[in-house]
Amino acid sequence: METSAVLASAEDQIVDEAVAALDRRDQTHHHASSPEERRRNARHLFEFVVRCVHEGRAEPIIAWSRQIAADRFVAGLDIAELQGAFNVLEEVLWRHVADTLAGDQQIEALGLVSAILGAGKDALARTYLAVASRGGNPLGEQPAPPGGGGEAPTGGALAGTDSPAGAVRTGVLGQVGVITLDDRRKRNAIGAQMADGVVAALGSLRAQDVRVVVLRAAAGMDVWSAGHDMDELPRGRRDPLGYNDPLEGLLRAIRICPAPVVAMVHGTVWGGALDLVLSCDLVIADETASFAITPANLGLPYNTTGLLHFLGRLPINLIKEMFFTAAPLDAQKAKEWLVVNHLVGSGELEAFTLELAATMATKSPMAIAVIKEQLRVLTDYQPIAAQVYERIQGLRREAYDSSDYLEGLNAFAEKRRPIFRGT
Ligand code: KGA
């Protein structure tokens, strides 16, 4: 059994022990957070550790630790309590690993747990100090300029922080969280850093008890997102959209997030970013929005899970037209085909979206979470025979091992039209 599965199977027990240890510390330390928050934080931290063990990399916990350190600073909370949670969880995990695993697996698991929690703690401390020394702004950056749908929500203060990566920012308005994609240089192309940043932001907002999340591009951008970062696509001989691709992880995180996620779209949406938009629960757009799915421009065989996301949302003739032509669907057509729930004027986009989000935030979060999960399960799971799946994978493999796929990537890098030969 994989180490991550061994840990995940004892989740409740490990979280209970960590919370009990934190409560014992309560007698000697002052805690700013409530017992429920401590339990939520411990569970969340544990989930990140398991994910990092599973993926064999520490980036997800680093991104989350940076985000939460910046959020804590802005909220005026002490970081020591969170550092304490890392230490306590490490002790509990060491005990659990020592009791349940043996031999090489035990040594490997102890090393991984220490390295992952160490990387998280290090990121936490560094970011907190960096933010403090820059007066609350992790990169010392200016806030994004206004325009293109506006930035500051009306009717309340948006406690916003720039992410250390500069690509993802979060803010909270009442019980609505806002995640802003802000990588103008690459037109919000989604690589590992941005995908992990959004996943971390979702986790951080969930830990703050946010009930609805709005996902948007920074004000002033006329590209909502250019899709998968093409510089991070493998150059053949490997599935370009495999299960562990960071964008795929982001889509899953949005789909399993118990809170509704609303895509607020000003500007153009390309490729995998359309999968992201369709993975959100609602889509609100203005007249600048357009939507294109472009693997046929790249010679890229789209993944089966991704096609299921489209099938769960759109009629098959539209899916085929969009995939086969790679042509953008303009805002009006997107409304007619129900790609978007509401099409509103640019000037109203933000207020309209936040108002709708705020309304949902007053409804029962438990009912919403379970209905969202039911709908996901009903639309995501289509049983197919093993042979059928393997035949499809074989066909996809032929496509991503082809010279056409390399031609698609080269043409993009060389800023020219691709010439596809069908080989
Ligand atoms: N990945 C990596 N870099 C990208 C990028 C991407 N998806 N899109 C844009 N960039 C880079 C681009 O190379 C350029 O870098 C910079 O962003 C600005 O782009 O400055 P550099 O180093 O040359 P550009 O083209 O100058 O900006 P623009 O004129 O404003 O045009 C914006 C768009 C979005 C229209 C244009 O950049 C574009 O067509 N990008 C590709 C859109 C696309 O087809 N994306 C699909 C990616 O594939 C995908 O998601 C999947 C998985 N798929 O389709 O199956």
Unique match (being among the charged types (D, E, K, R), part of a loop (DSSP other than H, G, I, E, B) and either on the phi > 0 side of the Ramachandran plot or not assigned by TED's automatic domain parsing to the domain that holds GLY177 (or both)) among ARG51, ARG72, ARG43, ARG57: ARG57
Restricted to region 154-170, and to residues that are of a type in the set (A, V, I, L, M, F, W, C), assigned to a loop (DSSP other than H, G, I, E, B) and over 19 Å from the mean Cα position of the chain (by Cα), which residue is modelled with the highest pLDDT? LEU158
Given (1) buried (at least 21 other Cβ atoms within 10 Å of the Cβ); (2) farther than 28 Å from PRO246 by Cα, number of the condition ARG66 does not satisfy: (2)
Which pairs have Cβ atoms under 6 Å, sit 6 or more apart or on different chains, and link a residue in region 289-302 that is farther than 18 Å from ARG397 by Cβ and at pLDDT below 95 to one that is part of a loop (DSSP other than H, G, I, E, B) and more than 6 Å from the ligand (Cβ to nearest atom)? none
Could you figure out which of (1) buried (at least 16 other Cβ atoms within 10 Å of the Cβ); (2) closer than 28 Å to LEU298 by Cβ isn't true of ARG417? (1)
Considering each of GLY220, GLY227 in turn, give the residue that is crowded, with 24+ Cβ neighbours inside 10 Å, in contact (Cβ under 8 Å) with a residue 60 or more places away in the chain and within 14 Å of the ligand (Cβ to nearest atom). GLY227
Those residues that are over 15 Å from the mean Cα position of the chain (by Cα) and within 20 Å of TRP270 (Cβ to Cβ), I need them from region 190-223; list them, please. ALA218, ALA219, GLY220, MET221, ASP222, VAL223
(1) in contact with a Gly (Cβ under 9 Å, 6 or more places away or on another chain); (2) over 19 Å from LEU173 (Cα atoms); (3) more than 16 Å from the ligand (Cβ to nearest atom) all hold for ASP183 apart from (3)
Mind counting the residues in region 179-188 that are in contact (Cβ under 8 Å) with a residue 40 or more places away in the chain and buried (at least 24 other Cβ atoms within 10 Å of the Cβ)? 2
Specify the residue that is farthest from LEU112 (Cα to Cα); the eligible residues are those in region 57-95 that are among the β-branched types (Val, Ile, Thr), in contact (Cβ under 8 Å) with a residue 60 or more places away in the chain and out of contact with any strand residue (DSSP E or B) (no Cβ under 9 Å at 6 or more places or on another chain). ILE68
Selection status of VAL49, in contact (Cβ under 8 Å) with a residue 60 or more places away in the chain, aliphatic (A, V, I, L, M) and in contact with an Asp or Glu (Cβ under 8 Å, 6 or more places away or on another chain): no
Answer residue from region 259-274, given it is within 15 Å of the ligand (Cβ to nearest atom) and assigned to a strand (DSSP E or B) and is nearest to MET360 (Cα to Cα) among those: VAL265
Region 74-104: number of residues that are closer than 16 Å to ALA8 by Cβ and among the hydrophobic types (A, V, I, L, M, F, W, C): 5
Would you pick out the residues in region 80-108 that are more than 24 Å from LEU124 (Cα to Cα), part of a helix (DSSP H, G or I) and not charged (D, E, K, R)? HIS96, VAL97, ALA98, THR100, GLY103, GLN105, GLN106, ILE107
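Residue-wise test of (1) crowded, with 18+ Cβ neighbours inside 10 Å; (2) not in a helix (DSSP H, G or I).
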| residue | (1), (2) |
| --- | --- |
| LEU276 | yes, no |
| ILE284 | yes, yes |
| ILE319 | no, no |
| PHE323 | no, no |
| VAL339 | yes, yes |
| GLU350 | yes, no |
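The values are calculated or read from the model by the stated rules, or taken from the named source; none is laboratory data. Please read all numbers here as calculations on a predicted model, not as lab measurements. Because the Cβ atoms are built from the backbone with ideal geometry, glycine has one as well, and the counts that use them run over all protein chains shown.
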